[in-house]
Every structure is written in C-alpha cells, then in structure tokens.
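Written out below as structure tokens is the structure these notes cover.
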Amino acid sequence: MRHNSTEKHLHNLRHSYRRKTLAFIFAFFTIVSIHAQDYKAFANVPQVKADITHVFDPICKQASFICENHLVCLSNDGHATAYPLFSTADSVKFDLDCVKFAPHCNVANLVRKGKKNYLYTSEWNNQRRFFVEDISYDKKQNKWSSRLIQTISMDIPDSISGAGFTDWIVDARHNKLYAHTYLEGVEGNDRIATGVILLEFNLPSRTKQQVTLRQADILRRASYPMFYVTQDKEIHKGKMYIMAGLRTSKKKNWDFSRKMFVINLSNLEVEKIYDFAFYFDEPEGIDFYKGKTYVTFRRGTYILK
C-alpha cells in the first residue's frame, strides 16, 4: 500500500509539474494585449495648440525624412524630391528602388548606421509591405541613389492584426518595429475604418531579403478607437509621434482634424495631442534633426516648439 501511495503521489507531482510548465509556456507565447484609451480618455489627455516656426516651402505629397542635410519628400508612388536644408533651390528628383511596387509612402523612417543610411518606407496598401532601402548621396555629383535590400510583411489573422491599411514604424534605438493598422467595418456600401491596432515586434535583421512576421512574433498589441486619418509616424526617445488629419472631410461621423498624437511606448497610452487645426493644409511628414522637431505639410516645413 505504501509503495502504491508513493507512486500515486509521484504521478500527481509529475502531472502538476506538466500543467504548470504548459501554463508557463502558453503564457510566454500569449500576446500581451492592451486596450488603450477610448475617446473619453482622450478628453483628459493634454491638448495644446502647436507652436510652429516657418522654415521653407517644399512640396510634400506623403512622408518626409531628413538625410545628408536635405529634406527628402516622397510622393504616393515612390518618387522623391530632395531639398537642401532649407531652400527649394537646386532640388533633386530621384526614385526609390521600391517604385516598381507603387508604394504609397505614408511613412518614411531613416535609420543611420555608421556611414550608411537605411530608409524604411510603408507600402500602406496592397500587400501591407515595408520596404528597406540603402540610400546614398553623392555630394560631388549632387546625385541620389536607392537600393532595395529587404521587404517585410506579415501573415497574421485579420482578427489580430486588423484588415485595413497598414503602416510600419521603426524604433531603431531599441530594435523594435511597430505595425499600425486599421480595423474595418461596413457602413452602407462602404468599407470604413472603425478602430486602430498597434502591434510590436522585434526589428528584423537587415541581412535577410524577405521577412514575414507571424502571430508568434507579436510582443505587444494595443487597440484604440478610430482617431483621425493618420499620416507619417516617427519614434523618438521612447515616444511615437503620429501626424494625422486631412484638409477637408467628406465622410459622415469622421473627424479629419489636423493633429499630432504622442504615444508613450512604455504603456502604449496617448499622453499628449498637438492641435494643428489653425493650419489649413494636410499634415504629411515628421522627423527629428539636431534636437529639433520638423513637421511638414503638403506645402511648408516648420519647426515645432
């Protein structure tokens, strides 16, 4: 009897250990999901009128970034115009290598590694890809070149990642990558955005030409209500800055107000909102350069104080 009792006790211990081990493994691979603020919470978020100083007037149809003392403005098909800081004189046009995929270029993040400049550009539509290009500038010839070195995409169920347009944002300092996508619904005969999803991943190494992110790669997930039509996005010192809004609104129940949302990446909460309602034009680009914040509209670049 004592022998059988000991065996039963050991069996129970092993069974308990297996259950705890499986529970730990499941918890380890379970997505950390955060339900971020709703509109009521946004009402309590500090909102300030943006204080901006005019710099110059480039033409910028989509995202922009600062590289080699130039402001580079992108169009919605992969064409680029580089303006010397801070003048529209002697601007140079060139194409990104990903122009063959007709990217929307809604977001452009520049990552500097030594003498190398790597540009991450969101396709936004179609296959929701993120293109990584090696950008270089020949000062003597005043010539730009771009070479596609990596394509990032994701294969994740729409219930987790959202089904709408997708932007990608790089946090090079912490080797993180964020996917910002829309949840979609139906209003009459129209597909409409009903919310926002933010997914966090580790930033893939640039040594692999094709990268597909899957559900198991998700580190954190946050969901938000629908807040505006978002434009360029940038990460700086632990904060994500999201330009948003349009010049006009034709959709019912949509707010296209011109604003910039600041998300604290430690808790994925919106902690501050800059109001650009006083400025009539569509916000497009944002970048940080030599301690200053540069915001670019369809026509006009400003320093944000």
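Each reported figure results from applying straightforward, stated rules to the coordinates on display, with no laboratory input. Being a predicted model, the structure only gives us computed values, none of them experimental. Every residue, glycine as well, gets a Cβ built from its backbone with ideal geometry; the counts of neighbours run over all protein chains shown.
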Requested in this report: Rounded to the nearest 0.05, what FRET efficiency do ALA43 and LYS100 give with R0 = 41 Å and r taken as the Cβ-Cβ distance? Could you check?
Outcome: 0.35
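Given a Förster radius of 35 Å and the C-beta distance between ILE149 and ASP51 as r, what FRET efficiency does 1/(1 + (r/R0)^6) yield to the nearest 0.05? Walk me through the numbers before you get to the answer.
Numbers: r = 39 Å, r/R0 = 1.11.
The calculated FRET efficiency here is 0.35.
Using a/c under 1.5 as the rounded threshold, could you call the range 36-304 rounded, prolate or oblate? The axes a ≥ b ≥ c are square roots of the C-alpha gyration tensor eigenvalues, and prolate needs a/b larger than b/c, oblate otherwise.
On the way: a/c = 1.57, a/b = 1.18, b/c = 1.33.
Since a/c reaches 1.5 but b/c is at least a/b, the shape of the range 36-304 is classed as oblate.
With a ≥ b ≥ c the root eigenvalues of the C-alpha gyration tensor of the range 40-145, is it rounded (a/c under 1.5), prolate (a/b larger than b/c) or oblate?
Numbers: a/c = 1.92, a/b = 1.29, b/c = 1.49.
Because a/c hits 1.5 or more and a/b fails to exceed b/c, the range 40-145 counts as oblate.
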Query - Given LYS115/LYS237; LYS93/LYS140; LYS208/LYS239, the pairs whose alpha carbons are separated by over 25 Å - result: LYS208/LYS239
Requested in this report: Enumerate the aspartates and glutamates that LYS290 could reach by cross-link, defined here as Cα to Cα under 17 Å, with residues fewer than 8 away along the same chain left out.
Outcome: GLU68, GLU234
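For each of HIS180, HIS104, count neighbouring Cβ atoms within 10 Å of the residue's Cβ, then give the residues from fewest to most. The partial results should precede the final answer.
Working: HIS180 24, HIS104 21.
Going from sparsest to densest Cβ surroundings: HIS104, HIS180.
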Report summary line: The aspartates and glutamates whose Cα lies under 15 Å from the Cα of LYS305, excluding any fewer than 8 residues away in the same chain, are ASP51, ASP275, ASP287
**Report entry** Fewest-first ranking of GLU234, GLU184, using other Cβ atoms within 10 Å as the exposure measure
**Finding:** GLU184, GLU234
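Quick one: order LEU148, LEU199 by neighbouring beta-carbon count within 10 Å, fewest to most.
Numbers: LEU148 18, LEU199 25.
Fewest-to-most ranking of LEU148, LEU199: LEU148, LEU199.
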Query - Placed amide H near GLU184: partners under 5 Å, 5+ positions off or other chain - result: ALA163, GLY164, THR194
Report summary line: With label points set 7 Å from each Cα along the Cα-to-Cβ direction at THR212 and ASN125, the distance between them in nm comes to 2.4
Report summary line: In nm, the gap between the two label points placed 7 Å beyond Cα toward Cβ at TYR289 and ASP90 is 1.5
Query raised in the report: Distance in nm between label sites at ASN264 and PHE278, each 7 Å beyond Cα in the beta-carbon direction?
Result: 2.7
